[in-house]
Each structure stands twice: as structure tokens, then as C-alpha cells.
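The values are calculated or read from the model by the stated rules, or taken from the named source; none is laboratory data. For clarity, every value in this text was computed on a predicted model and none was experimentally measured. Neighbour counts run over all protein chains shown; Cβ positions are idealised from the backbone, glycine included.
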Protein chains: 2
Amino acid sequence: MNLVRIQKLSISIPENLAEILEEEIIYGRLKSRERLTEEMIAERYGVSRSPVREALRLLERDGLVIREARRGIWVAPLSLKDFDEVYTCRIELEGLAAKYAALSNDTERKGEFSGLQNELTDAIKRNDAKQFFLVDVRGSLLTYTLADNKTLTRLLGGLEKQALRYRFHAYQQNPNILQLSFDDTARIYDAIRDGDAAKAQDLTENLIREIWQKMREGIRGSFGAE
Amino acid sequence: MNLVRIQKLSISIPENLAEILEEEIIYGRLKSRERLTEEMIAERYGVSRSPVREALRLLERDGLVIREARRGIWVAPLSLKDFDEVYTCRIELEGLAAKYAALSNDTERKGEFSGLQNELTDAIKRNDAKQFFLVDVRGSLLTYTLADNKTLTRLLGGLEKQALRYRFHAYQQNPNILQLSFDDTARIYDAIRDGDAAKAQDLTENLIREIWQKMREGIRGSFGAE
DNA sequence: GACTCGTACATTGTATACACTATGGTGTCG
DNA sequence: CGACACCATAGTGTATACAATGTACGAGTC
């Protein structure tokens, strides 16, 4: 977890550092409201403050950290209200993505959903939550690619990560969420592959709304007061 | 347009610099696809490259500039496809904002729409496009405030600016667009004030869709091939 | 004459040093 | 004992210097 690793992943340190920190935040190793200092991060990953600052700007863009001018930076707090906000927006945008993905003619790439479904099944069997989420994210990326809408992809990118934090938390409380999410995801993939845009959109919106409600009580219990 | 002006506006140079550059891009003083070099901007505004880099990250977040690692930065190109993308997303998100704004109980702030409508009327009379857009943006901000959804506001913030570029361009081609936009805007404000959420949402979505189609031919003529 | 290789330059990427601001503790005075 | 002022310190904000990289141009070769 040092400079060498970062540089090997790709050319740009800020982007890679941001990815690493994203993971730390999503999977709870960096906790909600935890204070982050630039120097601490810089030292920890063996880089200077310059790329760290840029990485933090990227995290700020995606709502994963909160910055107060000249005061500091904190991991963005999780709250019931924020959860509702994220899911309110996600419903519409994921619906759009599914709709336009279904309209795509790229049957070859649509075929990739089959492999993803198998991987999801596998992850479920092994009860490997992180692997499940990773494959699920790849499914989302495939959907966005098919939708062929950079703007939509950009917006959803800034929602997915925050949503994943809640999903991972909910999973830790109640692993059954994974199973529910799995069934839904499989059905959405099918709809997109079938090319029925209206159905894909409707299904996606309803299924995300359903998960939202199912997760909500657990989230309220954990973060309702915050 | 130097350091002093920037510092007086507020404490943070990157944010202010980003705002200034945003305006330059929206109103076409910095043209589509124009190359931007950090040093040029730094020199022009009398600051060093550090805050310039951060400002450019902010612009990148909102889709106003495109960055290619180690190659450089360009003003994001306008194109028919991008225009469609922005408006596809805007319809849904602005609809959501209108819906939740209508649901707000803050009658006092809702009253502010009246003043804005007067200012819009005034701007139309004087044929002052820039003033119109500025007031219109304030109306959007008021809507977002009422909607009380930080996530939605964050997403819409990254759409509005790009949308404004197209709107300003369309206005320059055909000033009547302003009149159309005015009628629509006034009706939306009324709906929000009335508190009819479903109507506000529906109206907003349909009216934005209508403007979208009305603008589309002009945009195609200008950027269709790009 | 066209194509490839190499070198110089322009520009981004990163590190480091310095400046400024916010915060917490301590001391003094009312 | 409490409140206010002052100072020390930590951490962000900005400037500058240096490193790395991509591009353009020209020389050399086939």
C-alpha cells in the first residue's frame, strides 16, 4: 500500500489514491465522520500532499467526504436523510440507464450479463459480500456503457459509491439483503437483454424502490438520529 | 480580474476562480474545444498553478472541461449528443426537485418566487439575456433549497451549467427561446407555490422536454456534426 | 520522397517550503 | 470562580521548484 503499488496501477496518483480511499470508506475501514488530514494520508501512502488534495477533491465530488474551508475534511456522515436522498435520485437515474441500455443494439456486450449473473450466483453461494458488490458494480458499469450516455454515467458514478456504503452496512446487519438484491439484479439484467426499454426502466425503478424500503428500517436504526 | 478581486469575493481562490471560468465558458468567451493551460490561467488571474489545478478539477466535475491525463485540458465540446444527454437527465432530476419543492412547507421562501417572476419579466422587457439566465438560476437554486435534498442539488449543479451553455447559444440564434422559457418558468413556479407536487413534477418534465425539442434543431445545425 | 528515430520544448504531475487561519489551552484580570 | 485575551500549535491554503511525459519537428536512412 505504498507509492509503488499506486504507480503500477496506472499513471495518475490522484485517481488511484481516490479509488483506494473510496474503498476504505465504502467498506467502513474509514468510518463515518472520521477526520482526515492531508498529511496523514500523504504519509500513509508515501506521496506528497499535492496529489492527496486532488484525490480528496474527487472524493468530495462524489459526496464521500465533506470539506469545510480551512477547517478540514471528514468522511461524509451516513444518515437516514442522506440515504433517502441518494435513493430518491438513484431510482430515476438508474431507471434511465436501464431504459437506454435496453435500447442498445450491442447484442454482444449485452451477452456479458450472463457471465455476470453466474459470478453473482457464485458470490452468493460463497457468501462473499465484497465480491458480490464488485461484480454488481461491474454490472452497473456495463449498463451505463450500453446506455451510452456520458452525462448519466458521470452522475450515477457520484451516487453509486455513496449507495454502496449503505448497501454494505445493511448487508452487515442482515445478509439476506444480498439475496434480495441478487434476485432483483438478475431480473433487471434479463429485461435489458430482452430489449424492452419500458419494462427495463419500470422494473429497475420499482426494484430499487423496493430495496430502498427494505433497507430503510435498518438504516433508521443505525443512523436515524444523526 | 486579478487576485484582489478574487480574494474579495470570498476566502477560497479555487472556488472563485472556478466560478469566473464557468461564466467564461457558459457565455462563450472561452469557446468549445479551446485549449486551456494551467500556466496561462494562473498568469491571467495572478495566482499560482496550485489553485488553478483545483479550480479545473471543479470544472471537470461539472463537465465544463475535459482533462486528458498528462495531455492537457480543453473546454468541453458542445455536441448534439451531449445536449441530448444533459436534457435527458435534467428532465428527471428537475422534475424531482420541483416535486419535493412543492411538498415543502416553507411558505415564506416559496413567496420569493413572486419577486423572481417580476425580475424575469423585467429582464425579458429589456431583452437582457444574461440577466434572465442569472435570475433563472436563482429560481433553480430556490427550488433546490425548498426540495431540501443536498444530493439532488449536487447532481443538478453539475447539469445546470452545461445546460446553460446550450441555452445561451440557442438564445443567440433565436431570442424567442427566452420568451418560451419565460412562460414555462412562470408556470412551474406557480405550480410549486400551489404545493401540488404531482402537477409540479409533471409540468416541469413536460416543459423541459418541450424546450428541449424546440432547441434541438438549432443545436443540430450548430453542433450536429461534432 | 516517405518513414522512423531521436531530441528539444511545452505542459502536466509531484514535492516541498512558506503563509495564513482556526482551535485549544493557559494565564490574568475582574 | 468565571470570562476574556493571548499565545502556541496543528492543519489547510498557496507559491515555487523540480520531475516526468507527451508532442512536434528535424535529421538521417531506406
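Need a quick list: helices (runs of 4 or more DSSP H) entirely within the range A:31-146 having at least 3 residues that are within 11 Å of another protein chain (Cβ to nearest Cβ) and either of a type outside the set (Phe, Trp, Tyr) or within 16 Å of DNA strand C (Cβ to nearest atom) (or both).
A:49-61, A:80-103
Kindly list, by first and then second residue, each pair from a residue in the range B:55-69 that is without any contact (Cβ under 8 Å) to a residue 24 or more places away in the chain to a residue that is assigned to a helix (DSSP H, G or I) and away from DNA strand D (no atom under 15 Å from the Cβ), limited to pairs with Cβ atoms under 6 Å and residues at least 6 apart or on different chains.
B:67/B:60
Please tell me if residue B:219 is among the hydrophobic types (A, V, I, L, M, F, W, C), in contact with a Leu (Cβ under 8 Å, 6 or more places away or on another chain) and closer than 20 Å to residue B:96 by Cβ.
Spelling it out, it is not the case that residue B:219 is among the hydrophobic types (A, V, I, L, M, F, W, C), in contact with a Leu (Cβ under 8 Å, 6 or more places away or on another chain) and closer than 20 Å to residue B:96 by Cβ.
Please specify each residue of the range B:13-30 satisfying the condition of being more than 15 Å from DNA strand D (Cβ to nearest atom) and either in a helix (DSSP H, G or I) or farther than 19 Å from residue B:72 by Cβ (or both).
So the first thing to find is which residues in the range B:13-30 are more than 15 Å from DNA strand D (Cβ to nearest atom), and the list is B:22-30.
Matches in the range B:13-30: B:22, B:23, B:24, B:25, B:26, B:27, B:28, B:29.
Out of B:48, B:104, B:79, B:114, which single residue is under 20 Å from residue B:222 (Cβ atoms) and polar (S, T, N, Q)?
Of B:48, B:104, B:79, B:114, the one residue that is under 20 Å from residue B:222 (Cβ atoms) and polar (S, T, N, Q) is B:79.
Quick test of your reading of the structure: residue B:77 fulfils all but one of (1) over 24 Å from residue B:129 (Cα atoms); (2) away from DNA strand D (no atom under 14 Å from the Cβ); (3) not aliphatic (A, V, I, L, M). Name the failing condition by number.
Residue B:77 satisfies all of (1) over 24 Å from residue B:129 (Cα atoms); (2) away from DNA strand D (no atom under 14 Å from the Cβ); (3) not aliphatic (A, V, I, L, M) except (1).
Take residue A:96 and decide whether it is modelled with pLDDT of 95 or more, closer than 20 Å to residue A:161 by Cα, within 16 Å of DNA strand D (Cβ to nearest atom) and of a type in the set (A, V, I, L, M, F, W, C).
For residue A:96, the condition - modelled with pLDDT of 95 or more, closer than 20 Å to residue A:161 by Cα, within 16 Å of DNA strand D (Cβ to nearest atom) and of a type in the set (A, V, I, L, M, F, W, C) - is not met.
Any residue at all in the range B:45-67 that's crowded, with 21+ Cβ neighbours inside 10 Å and among the β-branched types (Val, Ile, Thr)?
yes
Working carefully through the options B:189, B:171, B:166, find the one that is under 14 Å from residue B:215 (Cβ atoms) and more than 14 Å from every other protein chain (Cβ to nearest Cβ).
B:171
Name the single residue, out of those in the range A:147-196 being in a helix (DSSP H, G or I) and of a type in the set (Gly, Ala, Ser), that is farthest from residue A:24 (Cα to Cα).
In this case the residue turns out to be A:191.
In this structure, does residue A:6 turn out to be modelled with pLDDT under 95, more than 10 Å from every other protein chain (Cβ to nearest Cβ) and buried (at least 20 other Cβ atoms within 10 Å of the Cβ)?
Considered against the rule, which asks whether it is modelled with pLDDT under 95, more than 10 Å from every other protein chain (Cβ to nearest Cβ) and buried (at least 20 other Cβ atoms within 10 Å of the Cβ), residue A:6 comes out as yes.
Could we say that residue B:207 is surrounded by 17 or more Cβ atoms within 10 Å (Cβ to Cβ), farther than 17 Å from residue B:22 by Cβ and modelled with pLDDT under 95 here?
Yes.
Does residue A:161 count as more than 19 Å from residue A:183 (Cβ to Cβ), away from chain B (no Cβ under 14 Å) and of a type outside the set (S, T, N, Q)?
Considered against the rule, which asks whether it is more than 19 Å from residue A:183 (Cβ to Cβ), away from chain B (no Cβ under 14 Å) and of a type outside the set (S, T, N, Q), residue A:161 comes out as no.
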